[in-house]
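The values are calculated or read from the model by the stated rules, or taken from the named source; none is laboratory data. Remember, it's a predicted structure, so these values are computed and weren't measured experimentally. Neighbour counts are summed over all protein chains in view; Cβ atoms, including those assigned to glycine, are modelled from backbone coordinates with ideal geometry. Remember, those area values only see protein heavy atoms, side chains included, never the ligands or the DNA or RNA. Shrake-Rupley method; radii C 1.70, N 1.55, O 1.52, S 1.80 Å.
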Amino acid sequence: MTPGAATNGHAVTTRTSELLRFATAGSVDDGKSTLIGRLLHDSKAIFEDQLEHVVRTSERRGDGYLNLALLMDGLRAEREQGITIDVAYRYFQTPRRKFVIADTPGHEQYTRNMVTGASTADLSIVLVDARKGVSEQTRRHAYIASLLRIPHLVVCVNKMDLVGYDEAAFDQVVEDLTDWTARLDLADVTFIPISALHGDNVVDRSLVMPWYDGPPLLYHLEHVVIAPDRNLADLRFPVQWVVRPNSDEHHDYRGYAGTVAGGILHPGDEVLVLPGGQRTRVESIDTFDGPVDTAFPAMSVTLRVADELDISRGDMLVEPDDAPPAARELDAMVCWMGSEPLRPGARVVIKHTTRTTRARVEELDYRVEVNTLGHERADELTLNEIGRVRIRSGSPLMADPYSRNRTTGSFILIDEATNDTVAAGTVLGAR
């Protein structure tokens, strides 16, 4: 076993080609938990004892039907209120693909949980109640999906059974959102009419909506292409940990553990260490099962280099001719999650990849009005508001634009006093 290597490199090769991470979002009562419960139930991805528990709980609550939302709403407060508060993660698989689901809250006050659940997603499902149409929260969630550059957006128009499976109700949602999303940075938007309660167009095609000629949701999830969404061009390796076993077997071992955030790495490659500027070569790439010849996103590996250099947590290894700027000023979009408003001059802690340093919010350029996508002059951002800011950090950050690399182009802001996460942000540019 190689010291410090946390992941089997060969296993990662298989998982990254099969695994799809997706998040669900939408307004309260649009049926997110029911949809995920239906996916799990109809794809035979739940155990018999889980189903029996849902049956008993549904009867005790007097629901009058098998309430599949209970498979996702795990907190007692959620079950009592009938809403999702926390982000619930579930795993299931089909013969074609493996899935990690993040069921995120719909209520406006829990938008920050939605940002957390969607931050690593390859695809986002936004639900719309066919009776109510597009709401402000629907637009907010779609905008956040765009801000996070989630490659694929699926709009599920739910509760079609409550509008008599009327094609016009579906078409109205498509029209309203198509005009609006055309102004966002969303490359792939798909609309599917469903009834999560009855299973129409969730796992199997619906017989009561013959006017819809697209695939059901599960088929789309199984076949959407996710591999090209990763950056394989720009080498980015944030150092997470310096591995020094100091054991008899590995007395002189020194390695640098982390997760490849971009590019492809081989033994013998020349690398540049930022922000120090030293150059060296990769001697070996170690994993739990031993050395490998190639590392790529998102493999967790330990690198050994040819020279004895001062490399520590928060440093980044890159290609010498393709380095991000080691910058102290960032232009960024942030979703504010703090209970107190964000104002220019605020002092925070910024965590970017594996580097954490103090920072100051120098300017607030504008706030986004999510219904119109207009930019409004503002003196502050309040809870769940999104705006453009300029941040100055205490030490250099090796940041790419988020449009180029989702890992090195994202960050969080932390309150110095409480240690609470108060914002999630995406980098527009570095100075």
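Residue check: Thr120 meets all listed conditions (1) open to solvent by less than 10 Å² (accessible area, probe 1.4 Å); (2) assigned to a loop (DSSP other than H, G, I, E, B) but one, namely (1).
Do any strands (runs of 3 or more DSSP E) entirely within the stretch 184-286 hold 1 or more residues that are over 22 Å from Lys32 (Cα atoms) and not acidic (Asp, Glu), and if so, which? Step through it out loud before you land on a result.
Numbers: elements: 188-193, 236-238, 241-243, 255-259, 270-274.
Of the strands (runs of 3 or more DSSP E) lying wholly inside the stretch 184-286, those with at least 1 residues that are over 22 Å from Lys32 (Cα atoms) and not acidic (Asp, Glu) span 236-238, 241-243, 255-259, 270-274.
Determine the pairs where a residue that is of a type in the set (A, V, I, L, M, F, W, C), located within the stretch 40-56, has a partner that is at pLDDT 75 or above and in a helix (DSSP H, G or I) with Cβ atoms under 8 Å apart, the partner being 6 or more residues away or on another chain. Once the first residue is of a type in the set (A, V, I, L, M, F, W, C) and sits in the stretch 40-56, its partners that are at pLDDT 75 or above and in a helix (DSSP H, G or I) give Ala45/Leu39; Ile46/Leu40; Leu51/His41; Val54/Gly37. Within the stretch 386-410, the residues that satisfy the criterion of being over 12 Å from Val334 (Cα atoms), of a type in the set (S, T, N, Q) and outside any loop (DSSP other than H, G, I, E, B) are Ser393, Ser395.
Applying the condition of being at pLDDT below 75 and in a helix (DSSP H, G or I) to the stretch 19-51 and asking which residue is least open to solvent (accessible area, probe 1.4 Å) yields Leu51.
Rundown of residues vs (1) touching a residue at least 60 places away in the same chain (Cβ under 8 Å); (2) part of a loop (DSSP other than H, G, I, E, B); (3) touching a Phe, Trp or Tyr at 6+ places or on another chain (Cβ under 9 Å), yes/no style:
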{"residue": "Leu303", "(1), (2), (3)": "yes, no, yes"}
{"residue": "Asp310", "(1), (2), (3)": "no, yes, no"}
{"residue": "Asp321", "(1), (2), (3)": "no, yes, no"}
{"residue": "Arg328", "(1), (2), (3)": "yes, no, no"}
{"residue": "Asp331", "(1), (2), (3)": "yes, no, no"}
{"residue": "Gly338", "(1), (2), (3)": "yes, yes, no"}
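The sole residue among Asp331, Asp252, Asp315, Asp234 that is over 30 Å from Asp415 (Cβ atoms), open to solvent by less than 30 Å² (accessible area, probe 1.4 Å) and among the acidic types (Asp, Glu) is Asp234.
Quick check, is Arg96 modelled with pLDDT of 65 or more, more than 19 Å from Gly31 (Cβ to Cβ), surrounded by fewer than 16 Cβ atoms within 10 Å (Cβ to Cβ) and among the basic types (Lys, Arg)? If you could, list the steps in order and put the result at the bottom.
Details: modelled with pLDDT of 65 or more: yes; more than 19 Å from Gly31 (Cβ to Cβ): yes; surrounded by fewer than 16 Cβ atoms within 10 Å (Cβ to Cβ): yes; among the basic types (Lys, Arg): yes.
It is true that Arg96 is modelled with pLDDT of 65 or more, more than 19 Å from Gly31 (Cβ to Cβ), surrounded by fewer than 16 Cβ atoms within 10 Å (Cβ to Cβ) and among the basic types (Lys, Arg).
Take the conditions over 20 Å from Thr120 (Cβ atoms), in contact with a Pro (Cβ under 6 Å, 6 or more places away or on another chain) and either open to solvent by 10 Å² or more (accessible area, probe 1.4 Å) or touching a residue at least 60 places away in the same chain (Cβ under 8 Å) (or both) and apply them to Arg205. Does it pass? In short, yes.
So in the stretch 357-385, with the set limited to residues that are surrounded by fewer than 15 Cβ atoms within 10 Å (Cβ to Cβ) and part of a loop (DSSP other than H, G, I, E, B), which one is modelled with the lowest pLDDT? Once the filter is applied, the top-ranked residue is Asn371. Scanning the stretch 208-228 for residues that are of a type in the set (A, V, I, L, M, F, W, C), more than 20 Å from Glu18 (Cβ to Cβ) and crowded, with 16+ Cβ neighbours inside 10 Å yields one hit, Met209.
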